[in-house]
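All remarks here apply to the structure that follows.
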Amino acid sequence: MSLANKYRPTTFDTTVGQEHITDILKSKIKNSQQNNHNYLFFWPRWTWKTSVARILSKAMNCLDLQDGNPCNKCANCIAINEWKTLDYVEIDAASHTWVDNIREEILAKTDYPPTQLKKKIYVIDEVHMLSKGAFNALLKTIEEPKDYMSFILATTEIEKVPETIVSRCQVFNFKKIPAEKMVARLQEICKQENLWYEDEALDLIERMAEWCARDAVKYIDQVSVFGDISVKNVTNLLGIVGDNTIKEFLEIIKSWDRANIFTRVDEINSQWIDLAQFAKQVIMYIDHHLMEDVEFFLKISEFFGEILSMIRYYPYPNMVYKIVLNKCVSGDDRECPPLLKGGIGGAEGDLKKSSVSPDKSGSPAPLDKGAQPEKSIWKKQDSSSQAPQNDTVETKKVEQQSEINDELFSKIWDQIDSKTLQHGLKNFVHVKSVTDWKIELIVIDKMAEITLKKEENQKLLEQKILENTGKSYSLDIFYMDKDEYFSQMML
């Protein structure tokens, strides 16, 4: 048996992190207040929703309650635990979506009282997957259930459950399990399984699981094959890295050394580390250490957010890192924070005190005494300070081109009502050039090109550009192979 199933909660008291729910249910059971026939459990995945539904079912039928908890020893509890009764039914709505399934599994059997248990219980997991017809068929039964019947619904997407269903249930909002309680639970499991562990390794597993209890226990199970739950085993087997690796990588980025950054990306990739997971880990690390270096961390998190958004669409994730971090080093579009002296979390640096600036090769080169870097890294350089005051035409052109870029188009996609159009274009359309009246766009996906070349979609995009810039533009659309596009970005 897997550890996730072995250590699945069997009583309200062993359900970690959901005390705001289990205390209420225990009190109702202890005081015999079982008037509510319908319950709806919702919110994050793997936070014990189905487990609590099973515990509640046993408590409502238990013959020997223990302070509101099921005893797990009486005939009724054993029957539910071992699936030996027809009075307790769990239905997976993902595979029983249609109205015929509801008729066969529930409606056709509601007239028959329980044969063994005190109450007939129906648990419907992922209830949001039911079709509209299935919900309508279920509505009347839920609205006026028999005294001997209860429904417990569970879902991760309550917004997809009709209000008519929600209003007829007692709703419980499950929460993400706090880090300290998750780690304490993992420590308890390790001790019971006689597994040696490092506290840092359990912290790493907790963060990787992202508050999901089953994931965390599953990772313990995987790593335990090699005996110790150590940082080395966790990182090697799960394709993740420790905090020291992340800290070192951020130090390299802060050095503004393009060659060193690219070399380190290749090294991380060669170690079979999941680069998508690595980007998430960097963002989580930044979240935990934000106050140590606020400006640097906030800005660099934008770049790793961009990496996450691009990495799904490109077959070579290490190239995505290089493309995005190259913009950071080069100061293109969105710029990296200044070179701060000291390490991550060290003393704050000062732009005026910075002693290095990138040369054309991307490597740091010393500045002359008193010289300033070519480009401010806190904000874009004011174009008006670089041109004569009377050269208003050129100044306006520079300002205009700085406004219309991929960042602006990202905001425009978010303003489009059609989700299909958003997802079909957002990551595939890039600005090539801008003139006074025309915008040239590069599309790196054939389906996106077909979509964007439709007249109504072009007009919609032109209207959104007008709303965001105050000026009308025509669009020229060019298709470019994805590999060719990303290769050109590196030049």
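The values are calculated or read from the model by the stated rules, or taken from the named source; none is laboratory data. Note that the structure is a prediction, hence the values are computed from the model and not measured. Using ideal geometry, Cβ is built from the backbone for each residue, glycine included, and neighbour counts are taken over all protein chains shown.
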Query raised in the report: Which one is modelled with the lowest pLDDT, of the residues in segment 130-180 that are of a type in the set (Ser, Thr, Tyr) and within 30 Å of the chain's Cα centre (by Cα)?
Result: THR156
Requested in this report: Find the residue count for segment 130-153, including only residues that are surrounded by fewer than 17 Cβ atoms within 10 Å (Cβ to Cβ) and more than 17 Å from HIS37 (Cβ to Cβ).
Outcome: 4
Report task. Return the total of residues in segment 87-129 being in contact with a Ser or Thr (Cβ under 7 Å, 6 or more places away or on another chain), surrounded by fewer than 19 Cβ atoms within 10 Å (Cβ to Cβ) and modelled with pLDDT of 90 or more. Result -> 2
Report task. Counting only residues that are touching a helix residue (DSSP H, G or I) at 6+ places or on another chain (Cβ under 8 Å) and within 24 Å of ILE177 (Cα to Cα), give me the strands (runs of 3 or more DSSP E) lying completely in segment 35-139 with at least 2 of them. Result -> 38-42, 120-125
